[in-house]
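Nothing in this text is a laboratory measurement; each read-out follows from the coordinates by a stated rule. In this text the structure is predicted, and so the values were computed from the model without any measurement. A quick note on method: Cβ atoms are made from the backbone with ideal geometry, for glycine too, and the neighbour counts reach across all protein chains shown.
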Amino acid sequence: QAKASGRNTVRFFEQNMQQSLEQRLLMEKDLRLALKRQEFSLVFQPQVDNQQKIIGAETLVRWTHPKRGPVSPADFIPVAEETGLIIQLGKWILEESLSFLQRLSQSKATKNDLHLSINISPLQFRQSDMVADFSNALSAREISPEFLTLEITEGILMDDIADSSTKLEQLKEIGFRVSIDDFGTGYSSLAYLKQLNIDELKVDQSFIRDISSDPNDAAIVEAIISMSHHLGLRVVAEGVEEHPQLVFLTHQHCDAFQGYYFYKPMAEAEFIEALKKTTR
Ligand code: C2E
Ligand code: MG
Ligand code: MG
Ligand code: MG
């Protein structure tokens, strides 16, 4: 009986494997088509300062599949990464983000200069012509590099520290800003944080979630903010959903905030409306 159930378990497992492989191949095929059919779009999630004023946004990609509807980036970004499609997609995201930034600087919605953060995937960061690509994309438009923040994860940073270090130097030379996304979930060495040319840490939302009830999370976030400031880094808290989280973070002198408490990711028109409302 145990054997039988064991066999069933194995078969069930194999069926699942089969299914997920098929799903993956299907997704790969659909992702290729998606680029051609222009099924991707960008949304922008505002970032605010301690006065709750919008200081910029993070670009987040969206995919609306013609039959399946919206597909989460958490599901398709890894497939795009494994298949190399992220390179093409990443170029598109960069171009669209820059043209958004350009429209923003020309719009009358705000007098202030807003910055845009974009997520860089591991494969994208490792391309040998990555720095040149970014620099060229920028010089094709009248945008100053300091308004663009590149978000990379600790994993990317540590995966090839020599390459990371060289690229960060070059990116900084051009004037880009660099942020470490999902900070605290990876395995960065504090020694490298000091050495590498980084501007900002984004505290991962998993630490923010229970910040007002879990003393351990509170202690971790407090320590990250304090360490960052001593190292001259800005700190952005992601996933701020509730007022008590904001109170705690403000008390700890967190520099900027992003989360549903303020704004959800939104389309360009909605973002412009939000800007008009918050800047007088
Ligand atoms: P991320 O870069 O850490 O982005 C933050 C994620 O948290 C976004 O999910 C955002 O919608 C979500 N979020 C924002 N505020 C809150 C909040 O208050 N509560 C909660 N629970 N969630 C919040 P999203 O858009 O589903 O993206 C997931 C991940 O997919 C991103 O994590 C990023 O790693 C990746 N991704 C998204 N867009 C891009 C892109 O354009 N390029 C690349 N390479 N990766 C992307
Ligand atoms: Mg991010
Ligand atoms: Mg993040
Ligand atoms: Mg993430």
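Of the residues making up region 159-180, those that are in contact (Cβ under 8 Å) with a residue 24 or more places away in the chain, in a helix (DSSP H, G or I) and surrounded by fewer than 18 Cβ atoms within 10 Å (Cβ to Cβ) number 8. Taken together, F207, F183, F125 contain a single residue that is within 16 Å of ligand 4 (Cβ to nearest atom), within 21 Å of Y261 (Cα to Cα) and touching a residue at least 40 places away in the same chain (Cβ under 8 Å), which is F183. Here S212, S188 are screened, and the one residue that is within 16 Å of ligand 4 (Cβ to nearest atom), assigned to a loop (DSSP other than H, G, I, E, B), polar (S, T, N, Q) and in contact with a helix residue (DSSP H, G or I) (Cβ under 6 Å, 6 or more places away or on another chain) is S188.
Go through the residues of region 198-210 one by one and say whether even a single one is surrounded by fewer than 22 Cβ atoms within 10 Å (Cβ to Cβ), over 23 Å from G155 (Cα atoms) and not basic (K, R). Within region 198-210, one or more residues are surrounded by fewer than 22 Cβ atoms within 10 Å (Cβ to Cβ), over 23 Å from G155 (Cα atoms) and not basic (K, R). Of the residues making up region 179-207, those that are aliphatic (A, V, I, L, M), away from ligand 3 (no atom under 14 Å from the Cβ) and within 24 Å of D133 (Cβ to Cβ) are L196, I198. Against the test of being more than 30 Å from H243 (Cα to Cα) and crowded, with 16+ Cβ neighbours inside 10 Å, the options G56, G90, G69, G84 yield a single qualifying residue, G90.
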